[in-house]
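Student: Sharing a structure, written as structure tokens. Questions coming.
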Amino acid sequence: MDRKAFVEKLSAQMKEINAEIDKLEAKAQHSGAELKEKYRDEIQQLKTRKAEAEKKLDEVKHASEEAWGELRQGAEEAFDSMKKAFRAAWDKYK
């Protein structure tokens, strides 16, 4: 996969995660105080991982042709970590 396709793929995943975080935040708003507190902590952790993934994506976007391949693995790992954390958080509050 070339860099452009890779960036487009990760950008699409980021949009999906943003939408899912918004859903989780909406669900938290309609929860009791104790559950709302748990949601807030989970959402903050997700946002932290999302920021890390966005940073890696930005690095890939602006890397030279030679360097982007090396950055690809780090970006994939950051996105995988973010997706796993989101799934775990979502499963807790179904």
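Student: Being of a type in the set (Gly, Ala, Ser) and either without any contact (Cβ under 8 Å) to a residue 12 or more places away in the chain or surrounded by fewer than 13 Cβ atoms within 10 Å (Cβ to Cβ) (or both) is the filter here, so list the residues in the range 36-62 that pass it.
Tutor: Matches in the range 36-62: ALA51 only.
Student: Right, next: Could you grab me the full set of residues in the range 68-94 that are touching a residue at least 40 places away in the same chain (Cβ under 8 Å), under 17 Å from GLU20 (Cα atoms) and more than 16 Å from the chain's Cα centre (by Cα)?
Tutor: Across the range 68-94, the qualifying residues are LYS92, TYR93.
Student: Any idea which of (1) modelled with pLDDT under 85; (2) in a helix (DSSP H, G or I); (3) of a type outside the set (Lys, Arg) is the one SER31 doesn't satisfy?
Tutor: (2)
Student: On to the next question. Could you list, ordered by first residue, the pairs with Cβ atoms under 6 Å in which the first is in the range 1-15 and over 12 Å from LYS50 (Cα atoms) and the second is in a helix (DSSP H, G or I) and open to solvent by 90 Å² or more (accessible area, probe 1.4 Å), at least 6 apart or interchain?
Tutor: As it stands, the answer is VAL7/LYS61, since those pairs meet every condition given.
Student: So GLU65 ticks every box in (1) surrounded by 14 or more Cβ atoms within 10 Å (Cβ to Cβ); (2) over 24 Å from ARG87 (Cα atoms); (3) touching a residue at least 60 places away in the same chain (Cβ under 8 Å) but one. Which box is left unticked?
Tutor: With (1) surrounded by 14 or more Cβ atoms within 10 Å (Cβ to Cβ); (2) over 24 Å from ARG87 (Cα atoms); (3) touching a residue at least 60 places away in the same chain (Cβ under 8 Å) applied to GLU65, the lone miss is (1).
The values are calculated or read from the model by the stated rules, or taken from the named source; none is laboratory data. Predicted model only: the values in this text are computed from it and were never measured. Positions of Cβ are backbone-derived with ideal geometry, glycine not excepted, and every protein chain shown enters the neighbour counts. Ligands, DNA and RNA are stripped out before the accessible areas are found, and what is left, the full protein with its side chains, is counted by its heavy atoms. Shrake-Rupley method; radii C 1.70, N 1.55, O 1.52, S 1.80 Å.
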